[in-house]
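The values are calculated or read from the model by the stated rules, or taken from the named source; none is laboratory data. Everything numeric here is computed off the predicted structure, so don't read it as measured data. For neighbour counting, all protein chains shown are included, and Cβ atoms are generated from backbone atoms with ideal geometry for every residue, glycine included.
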Amino acid sequence: MEDRITTGLYLELGDLDPDHYAMRRAPELLARPGVERVTWWENNVPGRTELPMAIDDGTLLGVAEVDASFAPPDPLPRTTARHFRLFSRPSQGILSGTPTTGLLVVWISPRSAEHVRALRDWGDFVHIRHIAAASIPGFTHVTPYENTAATDPRYMHFYELDSDDPEASYLGMARHMAKYFAGSHTEAFETWADWEAAGGQVIYCNTFRLLGASPARIGASGRPGTEP
């Protein structure tokens with residue numbers, strides 16, 4: 001197990017032009033106090049429908065790696081922006097030493113305040129723990145974050161992948177986990193997969209492929225991806 005050292009992440013999701021983001025928005029973010037690095041990612045499946053989505057999807061995701069001094073800017077028009085800080089429990093998995101070329105971003109919330117503990121325990125000790133233990137091809141590291149604002153989602157599970165095809169790696173997750181649990185109809189597999197039984201609701205979920213990265217400031221964590 002290795003713990004991610006990035007204190008916070010600021011995410012922007014929308015139908016944004018990649019070239020404009022690279023030339024204008026990324027430098028704007030990098031110039032703000034507390035921003036260590038900016039990366040931008042292409043959505044692999046814009047408008048995915050097989051999972052519940054409580055927010056509008058977008059074609060591009062911007063990710064700013066930030067420290068505790070960061071204050072979010074005004075969001076871009078027609079985008080969803082969220083600022084997350086590290087959750088108190090550590091990330092899980094092993095950084096492979098290869099660049100992070102893909103992401104799986106899961107935003108999840110408890111259905112009510114009474115489900116907060118159960119959902120977080122399921123996420124950390126059941127769902128994420130077994131994904132890390134199963135060594136799913138392409139998956140290297142997953143870090144839990146919590147929203148800095150009192151709005152959905154309450155939490156983010158930030159999966160880093162070194163796969164050339166992040167969507168294919170994601171689609172293979174359930175099949176790989178079924179082998180790990182000796183079947184998809186076992187009680188262990190169903191407990192691992194069922195966020196609703198743990199009192200959760202998925203706000204957003206999708207996979208992304210790396211398009212570009214800004215230079216990292218001196219002292220930055222260098223994740224996700226030590227090199228684009």
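Here's the yes/no breakdown for (1) at pLDDT 95 or above; (2) among the aromatic types (Phe, Trp, Tyr); (3) surrounded by fewer than 19 Cβ atoms within 10 Å (Cβ to Cβ):
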position: TYR155; (1), (2), (3): yes, yes, no
position: SER163; (1), (2), (3): no, no, no
position: SER169; (1), (2), (3): yes, no, no
position: ALA188; (1), (2), (3): yes, no, yes
position: THR191; (1), (2), (3): yes, no, yes
position: PHE208; (1), (2), (3): yes, yes, no
position: ALA213; (1), (2), (3): yes, no, no
position: ARG217; (1), (2), (3): no, no, yes
position: THR226; (1), (2), (3): no, no, yes
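One line per residue, one yes/no per condition, for (1) touching a residue at least 40 places away in the same chain (Cβ under 8 Å); (2) of a type in the set (Lys, Arg):
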position	(1), (2)
SER69	no, no
ARG89	yes, yes
GLY102	yes, no
VAL105	yes, no
ARG129	no, yes
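Any idea which residue in the range 10-36 is nearest to LEU211 (Cα to Cα), counting only those that are aliphatic (A, V, I, L, M) and in a loop (DSSP other than H, G, I, E, B)?
Initial filter on the range 10-36 (aliphatic (A, V, I, L, M)): 11, 13, 16, 22-23, 26, 29-31, 35.
Adding the requirement that they be in a loop (DSSP other than H, G, I, E, B) leaves 16, 31.
Numbers: LEU16: 13, ALA31: 20 Å.
Of everything passing the filter in the range 10-36, LEU16 is nearest to LEU211 (Cα to Cα).
Applying the selection to the range 109-120, what residues are in contact (Cβ under 8 Å) with a residue 60 or more places away in the chain, closer than 14 Å to PRO144 by Cβ and either out of contact with any Pro (no Cβ under 7 Å at 6 or more places or on another chain) or assigned to a strand (DSSP E or B) (or both)?
SER109, PRO110
Pick from the range 54-71 the residues that are touching a Phe, Trp or Tyr at 6+ places or on another chain (Cβ under 6 Å) and either within 21 Å of SER109 (Cα to Cα) or of a type in the set (Asp, Glu) (or both): which of them is surrounded by the most Cβ atoms within 10 Å (Cβ to Cβ)?
Once the filter is applied, the top-ranked residue is LEU61.
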